[in-house]
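Asker: Just dropping this structure here.
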Amino acid sequence: MIILMKRKFSAVLSWGLLFSACLVVSCVSDDNPVSPMPQPDPQPEPVVNKQIIISEDGATYVNTTKIVIGLDEDDFSYKRVTTIIDQRGKVQETVRDCSAMAAIKLNGDEQAPDGKVNNVTLINRGTIEIHTKGMVNKWRDQIQTWKITDRPYHYLRVLGMLGEGDGNQLINEGLIDVYFDHDPSEKFRVYCFAMCGNNNSTFINRGEIRFQGTGGPLTRMRAMGTAGNNVTSINYGTMKVDVEMAEDTRFITTGGDYNDVINNGVMEGRTTGRLLGMTRYGNSNIVNNGTISLTTTKMNDEYTSPLTDADRYTAGLMENMSASRVNISPMTNRGTINVTIEETESEASAGYGMFFDMVAPNQANVTINNEGTINLKQNDPVYKHNMAEAGFVDRSGKQGVNHITIGRWFTTLRDFKSTNDLFLCHGASVNFGGAEMHFRKGEGYAYGTAYSVAPEDLLYNTGGEEDTFEYKNYDSMTFSSGEDNLQANWDKEAKTVSLTTKE
């Protein structure tokens, strides 16, 4: 392990060989043949089995090598009390951490964090390779399970880049490769972060972040994650998940306020359980300008998912509507969101372009915009699943109202009355006032075919009589074409729209 802690440090760690040769031009006879120049032996790819721990404010460290952690049981780890974000909100738990690159101060025998390290810049231009099996083998007897709760650690975490303090920058311009290669039958949670930090920090991915392997029913992963405030999280590169089994997967998740959560690149995910592109739990901006493609698959028949039916959902963008939320920023898609449900183990699995998890009554209002494309698909041969471009679902079981305002929305004109896949409502108040619906021509659409745009067809009610289901200001909506060469024909009295070509 490399620990840098007594001065500001700026370094680029690299290995290489420098070879040079001089070429001499002369006349050579057959009696004096020239011997071939000896060639150097092939050099193996440099591997650094050492972790980088930065303990001084203001330091900068650039990795250009290959760092491997988690294969061996002797990798350095430490006790840490951390805040995580899940369906319960912010939760503090004691964990065992192992980091490849970390800005963190450590103390005495426990080797626990001993204060924040601020304004550190960590840059990866090489490869960070993370494995889970070594740490799982070492710490399995000290991690809590569902039945054994008197062990010291709630779960095990392995991280690529960690900024424990405030104002840190974590930048990936290389590759962060995560392999879930532990025994999937383990009964405790294994959690992996590619990038994790705190208040006033910046996460930027310009390279590639990959999660792969077998995983397990209790596997969780985050490409970027924070519970802090004033955090900027931007993906310009590629994030990929191809894991056989997982409990909870999120590419970018933020829990604090005044954060910017932006995808300008590509997110591709295929796994089981809850699968989310970008989430927010505080009053932050969330925008997709790139591509988010998510596919939900079935858990291996030998294993059982810990998820309840209410937690089985896949969504490109996710909003947590808690009671404390105020002044909520709009949620906007300007890119492409693809959500696919394949064969699953539960009928309760659902898929949304945008999902609004209404965990408590809230008088705040959020405006949603889709200026891009949302594609939904299901291939399950056993079950038919609820799917919608936007879903508003009350999971609180409490009486109250959550407010949603529809803004600019581009979609394909279709028979909404039968597809039930535009706006799905299970306990919400939806405001159509000022909504702009822009319709595109879908595959197989016959020009002139009119479809209903009545509010009860645009907004599909899946709740019962005890759930709030209301809409307002429908007469203030506008309907137009989302394609320059087409014209939308809106029959206000019949509440239908058809598309024709412009003359």
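Asker: Quick test for you: out of Ala360, Ala348, Ala364, pick the one residue that is in contact with a helix residue (DSSP H, G or I) (Cβ under 9 Å, 6 or more places away or on another chain) and on the phi < 0 side of the Ramachandran plot.
Answerer: Just one listed residue meets the conditions, Ala348.
Asker: Additional query: Just one of Tyr155, Tyr236 is in contact with a strand residue (DSSP E or B) (Cβ under 9 Å, 6 or more places away or on another chain), open to solvent by 10 Å² or more (accessible area, probe 1.4 Å) and of a type in the set (Ser, Thr, Tyr); which is it?
Answerer: Sole residue among the options that is in contact with a strand residue (DSSP E or B) (Cβ under 9 Å, 6 or more places away or on another chain), open to solvent by 10 Å² or more (accessible area, probe 1.4 Å) and of a type in the set (Ser, Thr, Tyr): Tyr236.
Asker: Could I ask something else about it? Based on what the data block shows, is Gly225 touching a Pro at 6+ places or on another chain (Cβ under 6 Å) and open to solvent by less than 10 Å² (accessible area, probe 1.4 Å)?
Answerer: It is false that Gly225 is touching a Pro at 6+ places or on another chain (Cβ under 6 Å) and open to solvent by less than 10 Å² (accessible area, probe 1.4 Å).
Asker: Considering segment 299-356 alone, what residues qualify as being out of contact with any strand residue (DSSP E or B) (no Cβ under 6 Å at 6 or more places or on another chain) and outside any loop (DSSP other than H, G, I, E, B)?
Answerer: The answer is Asp309, Ala310.
Asker: Next question, about the same structure. Which one is nearest to the chain's Cα centre (by Cα), of the residues in segment 115-125 that are surrounded by fewer than 22 Cβ atoms within 10 Å (Cβ to Cβ) and not in a strand (DSSP E or B)?
Answerer: Checked segment 115-125; the qualifying residue nearest to the chain's Cα centre (by Cα) is Arg125.
Asker: Looking at Thr132, is it open to solvent by 10 Å² or more (accessible area, probe 1.4 Å) and of a type in the set (Ser, Thr, Tyr)? Full working, then the answer.
Answerer: Values: open to solvent by 10 Å² or more (accessible area, probe 1.4 Å): no; of a type in the set (Ser, Thr, Tyr): yes.
No.
Asker: Any residue at all in segment 204-216 that's open to solvent by 10 Å² or more (accessible area, probe 1.4 Å) and farther than 25 Å from Gly174 by Cα?
Answerer: no
Asker: Quick check on segment 109-131: of everything there that is hydrophobic (A, V, I, L, M, F, W, C) and in contact (Cβ under 8 Å) with a residue 60 or more places away in the chain, which residue is farthest from Glu93 (Cα to Cα)?
Answerer: The selected residue is Ile123.
Asker: Could you run through segment 97-113 and say how many residues are open to solvent by 60 Å² or more (accessible area, probe 1.4 Å) and in contact with a Gly (Cβ under 8 Å, 6 or more places away or on another chain)?
Answerer: 1
Asker: Name every residue in segment 452-486 that is within 15 Å of Arg414 (Cα to Cα) and open to solvent by 60 Å² or more (accessible area, probe 1.4 Å), in order of residue number.
Answerer: Within segment 452-486, Glu456, Tyr460 meet the criteria.
The values are calculated or read from the model by the stated rules, or taken from the named source; none is laboratory data. The structure presented is a predicted model; accordingly, all values stated were derived computationally and were not measured. A quick note on method: Cβ atoms are made from the backbone with ideal geometry, for glycine too, and the neighbour counts reach across all protein chains shown. Note: accessible area is taken over every heavy atom of the protein model, side chains too, but ligands, DNA and RNA are not part of it. Shrake-Rupley method; radii C 1.70, N 1.55, O 1.52, S 1.80 Å.
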